[in-house]
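Would you mind keeping the following structure in view while I ask a few things?
The values are calculated or read from the model by the stated rules, or taken from the named source; none is laboratory data. This is a predicted model, so every value here is computed, not measured. For neighbour counting, all protein chains shown are included, and Cβ atoms are generated from backbone atoms with ideal geometry for every residue, glycine included.
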Amino acid sequence: MTHRALWNPFANMATLGDEPLVLVRGRDSTVWDKDGTAYIDAIGSLWYANIGHGRPELADAAAKQMRELETFQTFEYYSTPPAEELAQRVAELSGVADARVFFTSGGSDAIDTAAKLSRAYWAALGQDKKHVIVGRTMAYHGVNAYGTSLTGIQAIAAQFGDLVPDVAHVQWDDPAALEEAIDKLGPERVAAFVCEPVMGAGGVLHPPEGYLAAVQAICRKYDVLFVADEVITGFGRLGTWFASQRFQLEPDMMVTAKGLTSGYAPLGAVIISPRVAEPFYAKGSELVFRHGYTYSGHSTACAVGLANIEILEREGLVDRVSELEPILERVLRPLESHPLVAEVRAGLGLLGAVELVPDMAPAPVALEARNRGVILRGIRGVALQISPPFVITEDELETVASVIGDSLDAVQ
Ligand code: PLP
């Protein structure tokens with residue numbers, strides 16, 4: 001073989017060449033590369049390693065299920081115990097009374113599912129002009145056609161031209177912008193508003209005080225479905241099972257993935273309120289949601305999800321996030337006085353960002369940190385992402401912060 005076959009997502013393959021960082025082992029918040037070098041995983045791989053790496057219990061859950069029945073599809077009238085049980089657990093944890101759960105293969109699929117279900121819902125109510133899905137500037141909703149069209153990060157969408165029609169964008173932090181957009185489009189055309197309670201890939205942007213309650217109220221006023229994208233914030237990242245609980249939201253749908261299995265198996269889900277489910281579940285209804293993935297409700301992935309939730313509960317890891325929240329803030333905040341730092345964002349769970357001054361790219365800083373044994377990542381080309389496993393120790397958080405400081409010094 002003369003070349004490396006793996007094409008890395010979001011990578012410059014011309015410069016990456018044969019130099020990937022090959023990781024071979026993980027335990028808690030630490031991963032090791034093929035040469036035996038240890039790194040603190042300060043980003044939870046890709047915002048998902050909530051319970052930490054290398055848990056034998058999840059391997060056992062997967063092996064047990066695979067030995068019994070690796071999976072069976074859930075289309076039409078088929079089902080399996082892990083899919084049934086996980087849907088039940090997720091519905092209970094969601095805080096949405098009598099929720100239904102539609103499984104997908106990941107977050108991007110779940111965004112497509114929520115967008116299509118919004119349109120199908122309104123069509124079922126005879127409002128077949130309600131097609132427009134509204135997203136926000138700075139938003140990231142994955143990379144399927146809907147997610148790419150809905151993103152507010154230009155660099156991600158620009159390469160592809162227009163994909164999904166009937167998508168609109170509003171300023172991310174201004175409720176009035178949403179109301180104006182709905183008014184301009186005509187409420188009879190707007191199906192849903194999709195919103196990350198705390199924006200992730202856009203830079204860990206906190207919602208302005210009152211923003212989320214205000215946009216939810218606007219959605220109610222104009223009969224627009226309110227969809228919370230909790231792919232990052234779901235399953236404990238903010239110290240509550242879902243961000244919607246922390247911000248006292250009542251979304252019509254919640255989109256989730258990542259922490260649902262802590263990444264031990266690919267799985268996403270849409271949590272659906274009774275309002276949206278009703279036309280499909282009402283007695284005598286012949287309406288079918290003609291949508292689903294081969295791996296919707298994959299038995300092994302669901303068994304892994306159940307074991308993951310069991311660990312989160314048994315070890316009190318969601319409460320641990322609340323305990324670590326002020327510690328993460330305490331260690332990161334002093335970085336704000338560094339000449340290369342524009343702003344530190346922390347104070348909402350184990351989710352933080354260090355935004356650099358304009359014209360300072362985060363990638364070289366992340367590389368310096370990697371050479372010092374900490375894995376970080378640049379987001380939107382402006383900030384460093386911090387989203388460690390919930391099992392990270394206080395000492396490790398101190399190390400992450402001091403390595404960020406040293407790495408900033410090194411690139412200065
Ligand atoms: N929505 C949000 C808020 C995300 O952060 C992501 C992924 O990072 C997605 C959707 C897409 O999820 P996936 O990469 O599992 O398709």
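How about region 179-196: which of its residues are crowded, with 16+ Cβ neighbours inside 10 Å and assigned to a loop (DSSP other than H, G, I, E, B)?
The answer is 196, and nothing else.
Within region 107-153, which residues are within 15 Å of the ligand (Cβ to nearest atom) and on the phi > 0 side of the Ramachandran plot?
138, 142
For (1) at pLDDT below 95; (2) touching a helix residue (DSSP H, G or I) at 6+ places or on another chain (Cβ under 6 Å); (3) polar (S, T, N, Q), each residue gets a yes or a no:
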position: 299; (1), (2), (3): no, yes, yes
position: 310; (1), (2), (3): no, no, no
position: 319; (1), (2), (3): no, no, no
position: 325; (1), (2), (3): no, no, no
position: 331; (1), (2), (3): no, yes, no
position: 347; (1), (2), (3): no, yes, no
position: 353; (1), (2), (3): no, no, no
position: 357; (1), (2), (3): no, no, no
position: 367; (1), (2), (3): no, no, no
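Within region 287-295, does at least one residue satisfy the condition of being within 23 Å of residue 45 (Cα to Cα), in contact with a His (Cβ under 9 Å, 6 or more places away or on another chain) and modelled with pLDDT of 95 or more?
no
Answer yes or no: is there a residue in region 322-344 that is in contact (Cβ under 8 Å) with a residue 12 or more places away in the chain and under 30 Å from residue 82 (Cα atoms).
Yes, because at least one residue in region 322-344 is in contact (Cβ under 8 Å) with a residue 12 or more places away in the chain and under 30 Å from residue 82 (Cα atoms).
Quick one: is residue 259 within 16 Å of the ligand (Cβ to nearest atom), of a type outside the set (S, T, N, Q) and part of a helix (DSSP H, G or I)?
So residue 259 fits the description; yes.
Quick check on region 205-223. Is at least one of its residues within 16 Å of residue 153 (Cα to Cα), modelled with pLDDT of 95 or more and either among the basic types (Lys, Arg) or within 15 Å of the ligand (Cβ to nearest atom) (or both)?
yes
It is to be established whether one or more residues within region 311-318 are in contact (Cβ under 8 Å) with a residue 24 or more places away in the chain, over 21 Å from residue 107 (Cα atoms), buried (at least 18 other Cβ atoms within 10 Å of the Cβ) and of a type outside the set (Val, Ile, Thr).
Yes, region 311-318 contains a residue that is in contact (Cβ under 8 Å) with a residue 24 or more places away in the chain, over 21 Å from residue 107 (Cα atoms), buried (at least 18 other Cβ atoms within 10 Å of the Cβ) and of a type outside the set (Val, Ile, Thr).
Turning to a different aspect of this structure: Can you name the residue in region 19-32 that is of a type outside the set (A, V, I, L, M, F, W, C) and in a loop (DSSP other than H, G, I, E, B) and, of all such residues, is modelled with the highest pLDDT?
That would be 29.
Another question, then. Restricting the search to region 151-170, which residues are among the β-branched types (Val, Ile, Thr) and touching a His at 6+ places or on another chain (Cβ under 8 Å)?
The one that is among the β-branched types (Val, Ile, Thr) and touching a His at 6+ places or on another chain (Cβ under 8 Å): 151.
Please go through region 113-141 and pick out each residue that is farther than 15 Å from residue 185 by Cβ, surrounded by fewer than 24 Cβ atoms within 10 Å (Cβ to Cβ) and of a type outside the set (A, V, I, L, M).
116, 126, 128, 137
Which one of 232, 156 is within 15 Å of the ligand (Cβ to nearest atom), surrounded by fewer than 20 Cβ atoms within 10 Å (Cβ to Cβ) and under 19 Å from the mean Cα position of the chain (by Cα)?
After ruling out the rest, the residue left standing is 156.
Does region 33-74 hold any residues that are in a loop (DSSP other than H, G, I, E, B), away from the ligand (no atom under 16 Å from the Cβ) and within 26 Å of residue 294 (Cβ to Cβ), and which are they?
Scanning region 33-74 gives 70, 71, 72, 73, 74.
Additional query: Restricting attention to region 14-53, which residues are among the charged types (D, E, K, R) and farther than 30 Å from residue 198 by Cα?
Result: 18, 19, 25, 33, 34, 35.
Sticking with this structure for a sec: In region 196-222, how many residues are of a type in the set (Phe, Trp, Tyr) and over 18 Å from residue 251 (Cβ atoms)?
0
For region 75-105, name all the residues that are within 16 Å of the ligand (Cβ to nearest atom) and surrounded by fewer than 22 Cβ atoms within 10 Å (Cβ to Cβ).
Result: 105, single match.
Being in contact (Cβ under 8 Å) with a residue 12 or more places away in the chain, away from the ligand (no atom under 11 Å from the Cβ) and either basic (Lys, Arg) or within 14 Å of residue 120 (Cβ to Cβ) (or both) is the requirement here; does residue 238 meet it?
No.
Is it the case that region 171-178 has a residue that's of a type in the set (Phe, Trp, Tyr) and either surrounded by 24 or more Cβ atoms within 10 Å (Cβ to Cβ) or touching a His at 6+ places or on another chain (Cβ under 8 Å) (or both)?
There is no residue in region 171-178 that is of a type in the set (Phe, Trp, Tyr) and either surrounded by 24 or more Cβ atoms within 10 Å (Cβ to Cβ) or touching a His at 6+ places or on another chain (Cβ under 8 Å) (or both).
Then there is this: So, in region 159-202, exactly how many residues are away from the ligand (no atom under 16 Å from the Cβ), at negative phi and not hydrophobic (A, V, I, L, M, F, W, C)?
14
For region 280-295, does any single residue satisfy the condition of being assigned to a helix (DSSP H, G or I) and either surrounded by 13 or more Cβ atoms within 10 Å (Cβ to Cβ) or in contact (Cβ under 8 Å) with a residue 60 or more places away in the chain (or both)?
Checked against the condition, which is being assigned to a helix (DSSP H, G or I) and either surrounded by 13 or more Cβ atoms within 10 Å (Cβ to Cβ) or in contact (Cβ under 8 Å) with a residue 60 or more places away in the chain (or both), region 280-295 yields at least one hit.
Would you point out which residue out of 173, 223 is farther than 30 Å from residue 342 by Cα and free of Cβ contacts under 8 Å to residues at least 40 places away in the same chain?
When all the criteria are applied, what remains is 223.
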